[in-house]
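Here is the structure we will look at, set down as structure tokens.
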Amino acid sequence: MDMFILFIRTILLYILVFAVLRLTGKRQLSDLQPFDLIITLLVADLAAVPASDTGVPLSYGIVPILTLFLLQQLVAFLSMKWEGFRYAVCGRPLLMIAKGVVQEKSLRDARYTLNDLMEQLRSSGTFYVADVEYAILETNGQLSVLLKGPEQQVTYRALNLESSKVKPPYMVVQDGKVHKEALKQAGYDLKWLRSKLPAAGIKDEKQLLFAFVSESTLHMQAKQRWGGKMVFVDTEGKK
């Protein structure tokens, strides 16, 4: 009986924690502000005790979790209304590199070493400080980097060229299941998809591991039991 009660309590607390974290936003853990991160850790810790100990009343977990949720919503509301409060809670972005020069004061304010800065630069794909025009340490700990002009990628606009229309890739088949809505958004139907299957050496869409439409190309891969063949076919049918 105790095991069944523990089972039910765990399910209820899981649903509560999931709902609370879902309502606080969709950001990943690495994107959380310090206050949000503290709330997340406390909620998880508060749920663990009543979930594992039937001697602790369930309300001892539910009430503090709901209180933290309301506190988080209050802080979020105040942060939107008053800039000074937002800076007090979340901090300010720090200019780490300005016009190619590392800002020592910002390093001290952020408790950063040069090694920390270089690690962040490498994570963003930049290996030389000399290539950086500006680097800003955001309040969530991410480093935003603007490269110097000669190091930036050339764009169609810079070359005064007309760019092709860009569309997101549409996953139309996943693990043998057709996503009809994605297929419709891509501008095709099931009949069209099935007409392309012979190019991958298969007879049924259920044999596909995945298929997605990317611009003018249909990318298909059969499941391993049907050869695992990967094929690229343009939307007009040419391989």
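Quick notes on this one:
- Residues within region 170-217 that are part of a helix (DSSP H, G or I), within 15 Å of Lys229 (Cα to Cα) and of a type in the set (A, V, I, L, M), tallied: 3
- The residues of region 200-217 that are of a type in the set (A, V, I, L, M), within 23 Å of Pro168 (Cα to Cα) and open to solvent by less than 40 Å² (accessible area, probe 1.4 Å), listed by number, are Ala200, Leu208, Ala211, Val213.
- Filter result for Ala200 (of a type in the set (Gly, Ala, Ser), in contact (Cβ under 8 Å) with a residue 24 or more places away in the chain and within 30 Å of Leu37 (Cα to Cα)): no
- Subset of region 45-74 that is of a type in the set (A, V, I, L, M) and part of a loop (DSSP other than H, G, I, E, B) - its residue that is nearest to Leu12 (Cα to Cα): Leu58
- Residue in region 47-60 that is modelled with pLDDT under 75 and of a type in the set (Gly, Ala, Ser) present: no
- Among (1) among the hydroxyl-bearing types (Ser, Thr, Tyr); (2) closer than 19 Å to Glu138 by Cβ; (3) part of a helix (DSSP H, G or I), the one test that Tyr14 misses: (2)
- Residue, nearest to Val173 (Cα to Cα), within region 218-237, restricted to residues that are among the hydrophobic types (A, V, I, L, M, F, W, C) and in a strand (DSSP E or B): Met220
The values are calculated or read from the model by the stated rules, or taken from the named source; none is laboratory data. Please read all numbers here as calculations on a predicted model, not as lab measurements. Because the Cβ atoms are built from the backbone with ideal geometry, glycine has one as well, and the counts that use them run over all protein chains shown. Ligands, DNA and RNA are excluded from the accessible area calculation, which covers all protein heavy atoms including side chains. Shrake-Rupley method; radii C 1.70, N 1.55, O 1.52, S 1.80 Å.
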